[in-house]
Every structure is written in C-alpha cells, then in structure tokens.
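Asker: Quick one: the structure is below, and I'll ask about it shortly.
The values are calculated or read from the model by the stated rules, or taken from the named source; none is laboratory data. The shown structure was predicted, so the numbers you read here are calculated from the model rather than taken from an experiment. With ideal geometry, Cβ positions are generated from the backbone for all residues, glycine too; neighbour counts draw on all protein chains shown.
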Amino acid sequence: EAQVTQNPRYLITVTGKKLTVTCSQNMNHEYMSWYRQDPGLGLRQIYYSMNVEVTDKGDVPEGYKVSRKEKRNFPLILESPSPNQTSLYFCASRGLGQAAGELFFGEGSRLTVL
Amino acid sequence: AQTVTQSQPEMSVQEAETVTLSCTYDTSENNYYLFWYKQPPSRQMILVIRQEAYKQQNATENRFSVNFQKAAKSFSLKISDSQLGDTAMYFCAVSGAGSYQLTFGKGTKLSVIP
C-alpha cells in the first residue's frame, strides 16, 4: 500500500528538549515536504526536498532542521522546541514529473511544547 | 509567488442540499494546477478534485465539481447532494506547472447538518 508514515502521531514535550519527527514514504517519490497546520492559518510549508541531499526552506523554517540522506526518509528536527511550535505537522511526498499529481500526506503529528 | 484566499472560514449546509466553497488565487506561472483537499475530523488530507489551468473544461468527480474562472482567478468547489461525511475542513491549493510547491489557503470548515 502506498503511504507516507509519520512518527510519533502525538507528542508532548518541554521547551528546549530536542525532538525528531520521522517521515518515510514507500512510493519512491523524489519530492518531500513538511507543513505545519495552525487554526486560521491553513497549511504552511516548513522545508522541502527535491531529492537526496537537496533541501530548501519553505515559508516558516525558523526553529526547524531537516535532512534527506535517503530517498524514502525526510525527518523534521526541532533542536530546541518552543511553545510557538505547538502545532499539527504533516509530511507529504510527490513524484517528479507529476506536478499535476496528488500530494500524498502522512496522517499528521500533533506536537505540544510546554 | 503564489497566494490562495478562501474568504469563508466556516459554512454549513443541510444534508442533500448543494453548497459552494469559494477560492481565489494568484500566481505568476503561465501554467499551473489547482486542487481541493478535504480534511475530515480524522485529520487525513484527501484529494477531492484537481484542475489543470490550460483545460477549459471544469473538472468533476461524482458529487464534486469546480467552477474555474481563469480570468478572474477563481476556483470554487460545488458539492451536490451534501452528505454527513462531507463534514470537514476544505483547503484550496495552487501549484505551478514548473514547480512542485503547493500553496494552500487557510481553509473553510464545512458542517453538514442532518
């Protein structure tokens, strides 16, 4: 089954404690992206990657890091989380040459930073 | 740069009735794609319908259809015979043909009333 898998689905943490949200896709997609969803703000892009070792900032990259060492994985790293990073996070992927195609989303990760 | 505006934060409709969700967009691309995504309470992002800007004909998917007005940069979603399962947040999005970046609107929360 084609899917994007995120972990953890739910996480409560404290300010300053480093955390990583993993994302893995099994569709051999080149393009992967992270979004955060906040009430009244829709989905905003954090970082994206066009392929292995190629990453770039989205609209709200501050406080986040990513890496793309393997094609299937695109982890999101919060080095020192703060309460304003409390949000719902989505990972998504898409194949190159499929600009009209569907962006496949993970099931979301609800993060709370106290 | 791309922008998407959904001017209706919340809407409601009686079961079996028809409802139209509004979306306007702006893009500097000559060719682009437009999407409507649905996010039910389960949080999963589901592609509802897509439209290629160079196609004149409005896209339809069963009870879902769009009214694409290219000159006005308008892309509304019509849901016919509304069902309780249509209750969800709906996001409009645009993607340039030469880009894989999706820009989302802030969403419209639709409630279907029995």
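Asker: Would you point out which residue out of A:THR55, A:THR15, A:THR20 is touching a helix residue (DSSP H, G or I) at 6+ places or on another chain (Cβ under 8 Å) and farther than 17 Å from B:THR103 by Cβ?
Answerer: Values: A:THR55 fails: touching a helix residue (DSSP H, G or I) at 6+ places or on another chain (Cβ under 8 Å); A:THR20 fails: touching a helix residue (DSSP H, G or I) at 6+ places or on another chain (Cβ under 8 Å).
Matching residue, one of A:THR55, A:THR15, A:THR20: A:THR15.
Asker: For A:LEU43, are the conditions met, namely being over 11 Å from the mean Cα position of the chain (by Cα), surrounded by 23 or more Cβ atoms within 10 Å (Cβ to Cβ) and in contact (Cβ under 8 Å) with a residue 40 or more places away in the chain?
Answerer: Numbers: over 11 Å from the mean Cα position of the chain (by Cα): yes; surrounded by 23 or more Cβ atoms within 10 Å (Cβ to Cβ): yes; in contact (Cβ under 8 Å) with a residue 40 or more places away in the chain: yes.
So A:LEU43 passes the test.
Asker: Being surrounded by fewer than 19 Cβ atoms within 10 Å (Cβ to Cβ), within 22 Å of B:GLN39 (Cβ to Cβ) and without any contact (Cβ under 8 Å) to a residue 40 or more places away in the chain is true for just one of A:GLU102, A:GLU62, A:GLU70, A:GLU107. Which residue is that? Step through it out loud before you land on a result.
Answerer: Working: A:GLU62 fails: within 22 Å of B:GLN39 (Cβ to Cβ); A:GLU70 fails: within 22 Å of B:GLN39 (Cβ to Cβ); A:GLU107 fails: without any contact (Cβ under 8 Å) to a residue 40 or more places away in the chain.
Answer to the selection: A:GLU102.
Asker: For the stretch B:93-107, what are the residues that are facing chain A (nearest Cβ under 10 Å), within 15 Å of the chain's Cα centre (by Cα) and not in a loop (DSSP other than H, G, I, E, B)? Even if it seems obvious, please write down each step before you answer.
Answerer: Applying the first criterion (facing chain A (nearest Cβ under 10 Å)) to the stretch B:93-107 yields B:93, B:95-107.
Of the ones still in play, those that are also within 15 Å of the chain's Cα centre (by Cα) are B:93, B:95, B:102-107.
B:ALA93, B:SER95, B:LEU102, B:THR103, B:PHE104, listed by residue number.
Asker: Exactly one of these conditions fails for B:GLU52: (1) more than 16 Å from B:SER80 (Cβ to Cβ); (2) buried (at least 21 other Cβ atoms within 10 Å of the Cβ). Give me its number.
Answerer: B:GLU52 satisfies all of (1) more than 16 Å from B:SER80 (Cβ to Cβ); (2) buried (at least 21 other Cβ atoms within 10 Å of the Cβ) except (2).
Asker: Quick one: is A:ASP38 touching a residue at least 24 places away in the same chain (Cβ under 8 Å), within 14 Å of chain B (Cβ to nearest Cβ) and acidic (Asp, Glu)? Let's see the steps before the verdict.
Answerer: On the way: touching a residue at least 24 places away in the same chain (Cβ under 8 Å): yes; within 14 Å of chain B (Cβ to nearest Cβ): yes; acidic (Asp, Glu): yes.
Taking the combined requirement at face value, the residue satisfies it.
Asker: Any idea which of (1) touching a Phe, Trp or Tyr at 6+ places or on another chain (Cβ under 7 Å); (2) within 11 Å of chain A (Cβ to nearest Cβ); (3) among the charged types (D, E, K, R) is the one B:LYS73 doesn't satisfy?
Answerer: Checking B:LYS73 against (1) touching a Phe, Trp or Tyr at 6+ places or on another chain (Cβ under 7 Å); (2) within 11 Å of chain A (Cβ to nearest Cβ); (3) among the charged types (D, E, K, R), the one that fails is (2).
Asker: Can you pull out the strands (runs of 3 or more DSSP E) entirely within the stretch A:1-76 that have at least 1 residues that are over 20 Å from A:GLY95 (Cα atoms) and among the polar types (S, T, N, Q)? Spell out the reasoning first.
Answerer: Details: elements: A:4-7, A:10-13, A:19-25, A:31-38, A:42-51, A:54-57.
It comes to A:4-7, A:10-13, A:19-25, A:31-38.
Asker: Here is a follow-up. Among the listed residues B:SER65, B:SER80, which satisfies the condition of being free of Cβ contacts under 8 Å to residues at least 24 places away in the same chain and among the hydroxyl-bearing types (Ser, Thr, Tyr)? Working first, answer last.
Answerer: Values: B:SER80 fails: free of Cβ contacts under 8 Å to residues at least 24 places away in the same chain.
Sole residue among the options that is free of Cβ contacts under 8 Å to residues at least 24 places away in the same chain and among the hydroxyl-bearing types (Ser, Thr, Tyr): B:SER65.
Asker: Name the residues in the stretch A:48-97 that are within 14 Å of another protein chain (Cβ to nearest Cβ), in contact with a Leu (Cβ under 9 Å, 6 or more places away or on another chain) and polar (S, T, N, Q), would you?
Answerer: Of everything in the stretch A:48-97, those that are within 14 Å of another protein chain (Cβ to nearest Cβ), in contact with a Leu (Cβ under 9 Å, 6 or more places away or on another chain) and polar (S, T, N, Q) turn out to be A:ASN51, A:SER87, A:SER93.
Asker: From B:TYR37, B:TYR90, B:TYR33, B:TYR25, grab the single residue that is modelled with pLDDT of 95 or more, facing another protein chain (nearest Cβ under 9 Å) and part of a strand (DSSP E or B).
Answerer: Values: B:TYR90 fails: facing another protein chain (nearest Cβ under 9 Å); B:TYR33 fails: modelled with pLDDT of 95 or more; B:TYR25 fails: facing another protein chain (nearest Cβ under 9 Å).
Going through B:TYR37, B:TYR90, B:TYR33, B:TYR25 in turn, just one is modelled with pLDDT of 95 or more, facing another protein chain (nearest Cβ under 9 Å) and part of a strand (DSSP E or B): B:TYR37.
Asker: Based on what the data block shows, is A:VAL14 more than 9 Å from chain B (Cβ to nearest Cβ), buried (at least 21 other Cβ atoms within 10 Å of the Cβ) and modelled with pLDDT of 95 or more? Lay out the reasoning, then the answer.
Answerer: Working: more than 9 Å from chain B (Cβ to nearest Cβ): yes; buried (at least 21 other Cβ atoms within 10 Å of the Cβ): no; modelled with pLDDT of 95 or more: yes.
For A:VAL14, the condition - more than 9 Å from chain B (Cβ to nearest Cβ), buried (at least 21 other Cβ atoms within 10 Å of the Cβ) and modelled with pLDDT of 95 or more - is not met.
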